[in-house]
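Below: one structure, written as structure tokens.
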Amino acid sequence: MNVLVINSGSSSIKFQMINMQTKKLMCKGLIERIGLEAGGFKYQKADNDKHYEELPIPDHKAGLKKMLETLTDETHGVIAGASEIDAVGHRIVHGGDKITESILLDDKAMAICESLIPLAPLHNPANLQGVQALKELLPQGTPHVGVFDTAFHASMPAESYIYAIPWKFYEKHGIRRFGFHGTSHQFVALRAAEILGKDIKDFNCITAHIGNGSSLTAIKGGVSVDTTLGFGTMCGVPMGTRAGDIDPAIVLHMIDELKLEAKEIHKILYKESGILGMSGISSDMRDVEAAAEEGHEHARIALDVLCHWLSKYICGLASNFERLDAIIFTAGIGECSPYVRDKVCPKLKVLGAHYNPAVNNFKAEERIISTDDSPVKIMVVPTNEELMIALDTKHLAGK
Ligand code: ADP
């Protein structure tokens, strides 16, 4: 069975074809700068046949048409025809509280997704554009499955998702904590349990997905019980360009005293804050780590602030458990920054997690970085959201 995984954003689409018998990648690519003068098409087969093309990509449908032509191309392709795509898994950011698990995207499900656009005005419309275009391009009857970033967190208890504001905002307006990066948190928790030889139903862990966007989740017996992202994707730990937790009084001060407009504040907190805002250099950790090493003070403070919030949240999330088995680092920074792990992990001793710095200096591999006798393991597990989406897609398409 071949599953095509699609992550459709507003100006770019990432795709992967996965062979579900072997669970191996067949090819992957990126359609970028959709709607701009010069679009780009990046494509790579698993055997390393890479190519890049510049061409105009006026809309999502044109980009996906180009992708299908390449997938079935005699030289670069991996399948003989579109009928060899057995199912498509679409990443969709927000399922609200109406969609709490992966679903087949029939007309009814599409209508529910559309009704959720106000919760994710930047992401859901772009996700749905990808679904619509591929439904038109692929043979009728090809199953399309939606896998939602929020769904894994639907298991959180009320104490984790209710905000302490007047009840009507929850009841009438649906304002509550949702949580994101669900497929990543779920994937690394399952994989960590497998590595440690534990039954996921009796495995308690904290997963730290630290990338451009970041969130940490407490997972009890395989289900999410608490997470750091909330109603939207701006709270919790500082991120590449997002502030993370700030006192809402700052927003009121910006409105009342600094006379800033909502749009401006959105841009400041979403695009100009976080690691970029503090360092004044870049949102990319590699640049900021290099600058800190050369003595740039704001870069060093930005790293200190990020690491402070990471250890603070890991310790806070531990209060969800009577017994904790593992703390797992994943995503770009979690996987590839020995610097960040080296600053955060010593502070986890208070939880019974004993860090072993001698085995920390590596990037993007599965490893245990705690001492052999540490009661709580500290692990690095590279995430694979696409495989998680493909597994759910296979499960639902087979029904
Ligand atoms: P996204 O949220 O966009 O999926 P990623 O999970 O790819 O993001 O993470 C991107 C982040 O990972 C960037 O800040 C990048 O600098 C960081 N990163 C990638 N490689 C390294 C590295 N070798 N050292 C430090 N940070 C890294």
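The values are calculated or read from the model by the stated rules, or taken from the named source; none is laboratory data. None of the values given here were measured: they were computed from a predicted structure. Positions of Cβ are backbone-derived with ideal geometry, glycine not excepted, and every protein chain shown enters the neighbour counts. These accessible areas exclude ligands, DNA and RNA; they are computed on the full protein's heavy atoms, side chains included. Shrake-Rupley method; radii C 1.70, N 1.55, O 1.52, S 1.80 Å.
Just the residues that are crowded, with 18+ Cβ neighbours inside 10 Å, within 20 Å of D325 (Cβ to Cβ) and β-branched (V, I, T), please, taken from the stretch 358-399. Of everything in the stretch 358-399, those that are crowded, with 18+ Cβ neighbours inside 10 Å, within 20 Å of D325 (Cβ to Cβ) and β-branched (V, I, T) turn out to be I368, I369, V376, I378, V380, V381, T383. Answer with yes or no whether K377 is at pLDDT 95 or above and away from the ligand (no atom under 16 Å from the Cβ). Here the answer is yes, as K377 does meet what is asked. The selection criterion, being touching a residue at least 24 places away in the same chain (Cβ under 8 Å) and either open to solvent by less than 90 Å² (accessible area, probe 1.4 Å) or of a type in the set (D, E, K, R) (or both), holds for I275.
Just checking, which of G35, G89 is open to solvent by less than 30 Å² (accessible area, probe 1.4 Å) and either farther than 18 Å from H144 by Cα or at pLDDT 95 or above (or both)? Let's see the steps before the verdict.
Values: G35 fails: open to solvent by less than 30 Å² (accessible area, probe 1.4 Å).
When all the criteria are applied, what remains is G89.
The requirement of being closer than 23 Å to K14 by Cβ, without any contact (Cβ under 8 Å) to a residue 60 or more places away in the chain and within 12 Å of the ligand (Cβ to nearest atom) is fulfilled somewhere in the stretch 315-336, by at least one residue.
With respect to A299, is the statement that it is surrounded by fewer than 17 Cβ atoms within 10 Å (Cβ to Cβ), of a type outside the set (S, T, Y), within 13 Å of the ligand (Cβ to nearest atom) and outside any loop (DSSP other than H, G, I, E, B) true? Against the criterion (surrounded by fewer than 17 Cβ atoms within 10 Å (Cβ to Cβ), of a type outside the set (S, T, Y), within 13 Å of the ligand (Cβ to nearest atom) and outside any loop (DSSP other than H, G, I, E, B)), A299 does not qualify. Under the condition of being in a loop (DSSP other than H, G, I, E, B) and either at positive phi or crowded, with 20+ Cβ neighbours inside 10 Å (or both), the residues counted in the stretch 284-296 number 1.
Is one or more of the residues making up the stretch 246-264 within 27 Å of A154 (Cα to Cα), outside any helix (DSSP H, G or I) and charged (D, E, K, R)? Within the stretch 246-264, one or more residues are within 27 Å of A154 (Cα to Cα), outside any helix (DSSP H, G or I) and charged (D, E, K, R).
Using the structure shown, decide if G197 is within 16 Å of the ligand (Cβ to nearest atom) and surrounded by fewer than 24 Cβ atoms within 10 Å (Cβ to Cβ). Break it down stepwise before answering.
Working: within 16 Å of the ligand (Cβ to nearest atom): no; surrounded by fewer than 24 Cβ atoms within 10 Å (Cβ to Cβ): yes.
So G197 does not fit the description; no.
Taking the stretch 310-319 as the range and being open to solvent by less than 40 Å² (accessible area, probe 1.4 Å) and in contact with a helix residue (DSSP H, G or I) (Cβ under 8 Å, 6 or more places away or on another chain) as the test, the residues that pass are L310, S311, I314, A318. So, K343, is that one touching a helix residue (DSSP H, G or I) at 6+ places or on another chain (Cβ under 6 Å) and assigned to a helix (DSSP H, G or I) or not? So K343 passes the test.
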